[in-house]
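Read through the structure below, which is laid out as structure tokens, and then see the notes.
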Amino acid sequence: MSKPDEHEVQIVFDASRCDGFGMCAVVCPELITLDRWGFADASRQPIADPRLQRKAARAVRCCPKGALTLADVPDAGRAAGAATMSA
Amino acid sequence: MTLVSPGNWAPTAWSGEEDGPEGVARLGSAGARLLAGSASREGLAEHHARLGPPPDWSNRPEDLVAVVRESGLTGRGGGYFPLASKLESARSVPGPAVVVVNATESEPASAKDRTLLEHRPHLVLDGAQALAAAASADRVIVAMHSGAAGFGSIRAAIEERKDHGAAATELAIVPDRYVAGESSALVAYINGGPALPAPRGVRTSISGVGGRPTVVSNAETASHLALIARFGAKWFREAGTDLSPGSTLVTVTGDVALPGSVFEVLQPVSFGTVITAGGGSPAPPQAVLLGGYAGTWVPGDRAWGSTLDATRLARAGMPLGCGLVGVLGPGRCGLVEAARLMAWLSDERAGQCGTCTMGLPAVSERLTGIAEGTQRGRREVHRIVALGETISGRGLCGLPDGAVAMVESALSTFSEELRLHRKGRCSGGCDDPVFAVPRSRP
């Protein structure tokens, strides 16, 4: 179990902002890869490791489009109900 | 769409005067719920004469939410999300909420919402007011495409109700575009922005119109609520199944005698029953396109005996989506059909996310090559599957995932047709499209 001062974070990626600069994947290849067109593909896994959290934070800072943010992972279950296309 | 009967197949004669098979009702049938009453547009006086005035729940919203929870009503736009959860989510945020009834029905071949809007506008508006009571909302907005059938009917119905002193219902005219019907796109448009899907994670039930909690609900869902508010949860659950309570509207289209027929499914009947009711041949067709143009192709013999139960169908990999049941008859090429749908979906993409912008045209181009016989290599299918893996789960909205899943289901359902195409043949006449697509914006 995690200590009280430890918390998990998660990369939140806004695909509509990504223009494929690709610096995020250079800074934090563990969590962010680039697809065949150079757009970021960010892991949605909760990050507990402080070292990895720092790398993720650097990736967030180096995006010139602001496509990446870090969010705290809520303790009591993550938000349910992904967006769906409706008629 | 024209009806063709190649080979020995012929549509059965279907009398529009009959009520149809047991468990399936059409507009004006005995036993119908949403479609009960006359076979024409019901005005306010007629509506009240048939159903009585709607009960006023505004002083006990929590009770109404509890009734909705007990009813098991889920979103009939295709998401099947429990309405009670959406209402509770909106109620958890302090301050008055907003209700948006999604009456855009952006799915080109679906006609079920349009049927309600055209013929039962006051049921839809009663539902909108019941949603407002349950969410403690002080704003009710009906969102529609201006050119849509049913637009005039709803506008007239809103006028009729003003005369009776009811709370005003606003009408939002939404751009005629596929992705504009997505709930976050509706909210974005009402807020003065472009009608484009918003990043995931911002739930409209928490922060929507004007930053206020917003319940976006499909027109059929609202209409069910109008009846639940009158007759209760137990009554609602007398139709449908334990897993999928209540009746369900479906649109039967494609190679049937009466394409675009809307039925209310009251009891767990099979696809074969509704296809036959729509004037289809009384034997399994080649394939069925389920749930919309970004839906799922299912081999006809697999779909034929399956029960119309949204929950069980979703578990079986045949999601019912908006209730579209598209019949592909013999002598048709499913690859040609799928390629046309994919080209349209690609044109309709919002253009917000790079991977979708690059990926959908690439998938479309390759599938068109296979359908037209210009690409006969075995690798083409693998390339499409690989592109699909890159695209899926990456966009803001569900369009790219839906489009990719539609194409993948086509490649597996029409595997025999793929073999023919590799040899330069095609079993379709390639004449009139079975599933026509609207003209996309330039």
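The values are calculated or read from the model by the stated rules, or taken from the named source; none is laboratory data. Since this is a predicted model, take the numbers as computed values, not measurements. Don't worry about glycine lacking a Cβ; one is built from the backbone with ideal geometry, like all the others, and counts go over all protein chains shown. Areas reflect the complete protein model, heavy atoms only, side chains present, ligands, DNA and RNA absent. Shrake-Rupley method; radii C 1.70, N 1.55, O 1.52, S 1.80 Å.
Which count do you get for residues in segment B:410-429 that are surrounded by fewer than 14 Cβ atoms within 10 Å (Cβ to Cβ) and in a loop (DSSP other than H, G, I, E, B)?
Of the residues in that region, 4 qualify.
Conditions tested, residue by residue: (1) closer than 13 Å to B:Ala310 by Cα; (2) open to solvent by 20 Å² or more (accessible area, probe 1.4 Å); (3) touching a Phe, Trp or Tyr at 6+ places or on another chain (Cβ under 6 Å).
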residue	(1), (2), (3)
B:Arg212	no, yes, no
B:Ala257	no, yes, yes
B:Phe263	no, no, no
B:Pro268	yes, yes, no
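Restricting attention to segment B:192-206, and to residues there that are more than 21 Å from the chain's Cα centre (by Cα) and either open to solvent by less than 10 Å² (accessible area, probe 1.4 Å) or free of Cβ contacts under 8 Å to residues at least 24 places away in the same chain (or both), which single residue is farthest from the other protein chains (Cβ to nearest Cβ)?
Here the answer is B:Gly192.
B:Glu160 fails exactly one of the following numbered conditions: (1) within 30 Å of B:Thr311 (Cβ to Cβ); (2) more than 14 Å from chain A (Cβ to nearest Cβ); (3) open to solvent by 30 Å² or more (accessible area, probe 1.4 Å). What is the number of that condition?
Result: B:Glu160 fails condition (1) only.
Taking into account only those residues within segment B:393-409 that are assigned to a helix (DSSP H, G or I), open to solvent by 10 Å² or more (accessible area, probe 1.4 Å) and small (Gly, Ala, Ser), which is farthest from the other protein chains (Cβ to nearest Cβ)?
Here the residue is B:Ser409.
Quick one: which residue in B:Leu64, B:Leu34 is of a type outside the set (S, T, N, Q), within 20 Å of B:Asp126 (Cβ to Cβ), at pLDDT 95 or above and not in a helix (DSSP H, G or I)?
The conditions single out B:Leu34.
Would you mention how many residues in segment B:252-299 are within 14 Å of chain A (Cβ to nearest Cβ), under 26 Å from B:Ala239 (Cα atoms) and in a loop (DSSP other than H, G, I, E, B)?
Matching residues across segment B:252-299 total 3.
If you take the residues of segment A:10-26 that are out of contact with any Ser or Thr (no Cβ under 9 Å at 6 or more places or on another chain) and open to solvent by 20 Å² or more (accessible area, probe 1.4 Å), which of them is nearest to the other protein chains (Cβ to nearest Cβ)?
The qualifying residue nearest to the other protein chains (Cβ to nearest Cβ) is A:Ser16.
Which residues, counting only those in segment B:375-386, are within 14 Å of chain A (Cβ to nearest Cβ) and among the hydrophobic types (A, V, I, L, M, F, W, C)?
Those that are within 14 Å of chain A (Cβ to nearest Cβ) and among the hydrophobic types (A, V, I, L, M, F, W, C): B:Ile384, B:Val385, B:Ala386.
Show the residue pairs meeting these rules: Cβ distance below 7 Å; 6+ apart or different chains; first residue within segment B:346-357 and within 17 Å of A:Asp35 (Cα to Cα) and facing chain A (nearest Cβ under 9 Å); second residue aromatic (Phe, Trp, Tyr) and open to solvent by 10 Å² or more (accessible area, probe 1.4 Å).
Partner pairs satisfying both residue conditions: B:Gly354/A:Trp37; B:Gly354/A:Phe39; B:Thr355/A:Trp37; B:Thr355/A:Phe39.
Given the conditions (1) part of a loop (DSSP other than H, G, I, E, B); (2) under 20 Å from the mean Cα position of the chain (by Cα); (3) buried (at least 21 other Cβ atoms within 10 Å of the Cβ), report the number of the one that B:Val327 does not fulfil.
B:Val327 satisfies every listed condition except (1).
Residues in segment B:105-131 that are in a helix (DSSP H, G or I) and surrounded by fewer than 24 Cβ atoms within 10 Å (Cβ to Cβ): how many?
Going through segment B:105-131 one residue at a time, the tally reaches 3.
Within segment A:27-67, track down each residue that is within 19 Å of B:Gly354 (Cα to Cα) and either touching a Pro at 6+ places or on another chain (Cβ under 8 Å) or open to solvent by 70 Å² or more (accessible area, probe 1.4 Å) (or both).
Scanning segment A:27-67 gives A:Thr33, A:Leu34, A:Arg36, A:Arg44, A:Pro64, A:Lys65.
Collect the residues in segment B:338-363 that are under 23 Å from the mean Cα position of the chain (by Cα), of a type in the set (Gly, Ala, Ser) and assigned to a helix (DSSP H, G or I), keeping them in residue-number order.
Within segment B:338-363, B:Ala338, B:Ala339, B:Ala343, B:Ser346 qualify.
Being away from chain A (no Cβ under 14 Å), open to solvent by 10 Å² or more (accessible area, probe 1.4 Å) and closer than 30 Å to A:Asp19 by Cβ narrows it down to one of B:Glu389, B:Glu365, B:Glu372, so name that one.
B:Glu365
Whether any residue in segment B:79-88 is at pLDDT 95 or above, part of a loop (DSSP other than H, G, I, E, B) and hydroxyl-bearing (Ser, Thr, Tyr) is what I want to check.
So far as segment B:79-88 goes, yes, one or more of its residues are at pLDDT 95 or above, part of a loop (DSSP other than H, G, I, E, B) and hydroxyl-bearing (Ser, Thr, Tyr).
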